[in-house]
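The values are calculated or read from the model by the stated rules, or taken from the named source; none is laboratory data. Because the structure is predicted, anything quoted here is derived from the model rather than measured. Reconstructed Cβ throughout: ideal geometry from the backbone, glycine too, with neighbour counts over all protein chains shown.
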Amino acid sequence: MSSQELNRNTYLSKNIGNFEDAISISGVEFEKVEDLRYGTNPHQPAAHYKIKGTKSCIGDMEILKTGKSGLSQTNLEDISYAINIVKYFKDAACAVMKHVNPSGAAVQRTGESMKDVYIKARDCDARAAFGSAVAFNVPVDLETAEEIMGSFVECVVAPDYSDEAIAAFNNSEKFKMNKSIRIIKCGNLDNLPKYVGDETKDFNTMKVLADGSIVVAAPLLTNIRGIEDLKIATGKNKSVGEQKSEIAATCAEKEDLLAAWYINLSVRSNGVVIMKNGQTLAVGTGEQDRVGAVEQAIEKFKCKYEGAETIDGSVMSSDGFFPFSDAVEVAAKAGVSAIIAPAGSLKDADVIKKANELGVALYHATERIFSHH
């Protein structure tokens, strides 16, 4: 054992277990679920708590197969954000998370198996998917389990698993690369809030600031419940007058716009999601400017995507409005044909005019969905 490992283990052994069995934050009582392997980094002790007296999707997860050690804070955060994506879909969906951002996500389309959905999510960015957390909204079957075991995955979380899938996950002789994979059964995803108006008293977010003070906020949800809530973009200003999007998205594009919007709720702002046929082609995240997020996503696709798709005919969601038309121009040049974004820019009308000129369908969402996690 190296001196660095020895120092870390000594530090953790002195501090893990020092977290109280019960705590109260902002008037809410929490009970400890367990001490964690570590926090965000190996030298940070951490513990997992759930709201006292409740049955929770993550707080009461069942560990069906443990890895070489327990869960870390990073594992839990990736699991949480992955579940936050797949909870929105009735059809089979998969989210592949890495460092609290989706490297890829996918939704089942006609004729696709669950294995197909997983491959679509993984291969959006197969390089980033190495060592990821993978979440599903439906029980995992054998062929999906065997596909997962073909590459290195930290943990899998789903509502349930077939007996054959569990056997595959435990077959360390056949799947030596993934012998330490963690298999986790979560609670009912239907109990999680999705839309503005859902009961959220137990789901407030808490952000600890540098001085130990906290910000308590309502959870990030959306008003968009279905395709019927996609509103054609309109805007008006002195420079170009009244403008309305004149390009209609196809039914398939609308389905992808809705899926891209739901996925974008769990992407770090500034964030964009480019999607086609129920599959993310690229995710742009964490950029300080919006056009930079679009450029990042397109460059990621060019460098990393391993599938047969092209961006031509894809759709894009943006978690914030477009201050200028440059992001739409960059997306259209790459092949994006439909976009959803919030309204609110002084140049909304200019952006709509440019989208019409470029032949891009533009829809306005009812809210901004910045996620500064």
Which ones in region 124-142 are over 21 Å from Arg182 (Cβ atoms) and buried (at least 22 other Cβ atoms within 10 Å of the Cβ)? Cys124, Asp125
Spot the failing condition for Lys302; the list is (1) in a helix (DSSP H, G or I); (2) surrounded by fewer than 21 Cβ atoms within 10 Å (Cβ to Cβ); (3) at pLDDT 95 or above, and only one is missed. (3)
Could you list, in sequence order, the residues of region 257-286 that are without any contact (Cβ under 8 Å) to a residue 60 or more places away in the chain and more than 17 Å from Pro342 (Cβ to Cβ)? Met275, Lys276
Name the pairs: first residue in region 70-95 and assigned by TED's automatic domain parsing to the domain that holds Glu147, second residue charged (D, E, K, R) and surrounded by 24 or more Cβ atoms within 10 Å (Cβ to Cβ), Cβ to Cβ under 9 Å, at least 6 apart or on different chains? Cys94/Lys120; Cys94/Arg122
Can you pull out the residues in region 45-64 that are touching a Lys or Arg at 6+ places or on another chain (Cβ under 9 Å) and either at positive phi or crowded, with 16+ Cβ neighbours inside 10 Å (or both)? Pro45, Ala46, Ala47, His48, Tyr49, Lys50, Ser56, Cys57, Ile58, Gly59, Met61, Leu64
I'd like the full set of residues that are surrounded by 14 or more Cβ atoms within 10 Å (Cβ to Cβ) and among the polar types (S, T, N, Q), limited to region 206-238. Thr222, Thr234, Asn237
Considering region 33-51, residues that are aliphatic (A, V, I, L, M) and outside any strand (DSSP E or B), and then whichever is farthest from Met206 (Cα to Cα), we arrive at Leu36
Residue hits (region 355-369; surrounded by fewer than 22 Cβ atoms within 10 Å (Cβ to Cβ), in contact with a strand residue (DSSP E or B) (Cβ under 9 Å, 6 or more places away or on another chain) and in a helix (DSSP H, G or I)) are Asn356
Among residues belonging to region 143-184 that are aromatic (Phe, Trp, Tyr) and surrounded by fewer than 19 Cβ atoms within 10 Å (Cβ to Cβ), point out the one that is modelled with the lowest pLDDT. Phe175
Just name the residue that is nearest to the chain's Cα centre (by Cα) out of those in region 87-107 that are more than 19 Å from Ile274 (Cβ to Cβ) and at pLDDT 95 or above. Lys87
Here are Gly320, Gly344, Gly307: which of them is crowded, with 19+ Cβ neighbours inside 10 Å and part of a loop (DSSP other than H, G, I, E, B)? Gly320
Residue identified as under 16 Å from Ser371 (Cβ atoms) and of a type in the set (Lys, Arg) among Lys194, Lys185, Lys231, Lys238: Lys194
Search region 234-247 for residues that are within 10 Å of Asp348 (Cα to Cα) and pair each with any residue that is among the charged types (D, E, K, R) and exposed (fewer than 12 other Cβ atoms within 10 Å of the Cβ) when their beta-carbon atoms are under 9 Å apart and the residues are at least 6 apart or on different chains. Thr234/Glu242; Gly235/Glu242; Lys236/Glu242
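For every residue, the table says whether it meets (1) under 25 Å from Ala259 (Cα atoms); (2) in contact with a Gly (Cβ under 8 Å, 6 or more places away or on another chain); (3) in contact (Cβ under 8 Å) with a residue 24 or more places away in the chain.
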site: Phe169; (1), (2), (3): no, no, yes
site: Cys186; (1), (2), (3): yes, no, yes
site: Thr200; (1), (2), (3): yes, no, no
site: Asn204; (1), (2), (3): yes, no, yes
site: Ala218; (1), (2), (3): yes, no, no
Could you tell me whether Phe89 is among the aromatic types (Phe, Trp, Tyr) and surrounded by fewer than 19 Cβ atoms within 10 Å (Cβ to Cβ)? no
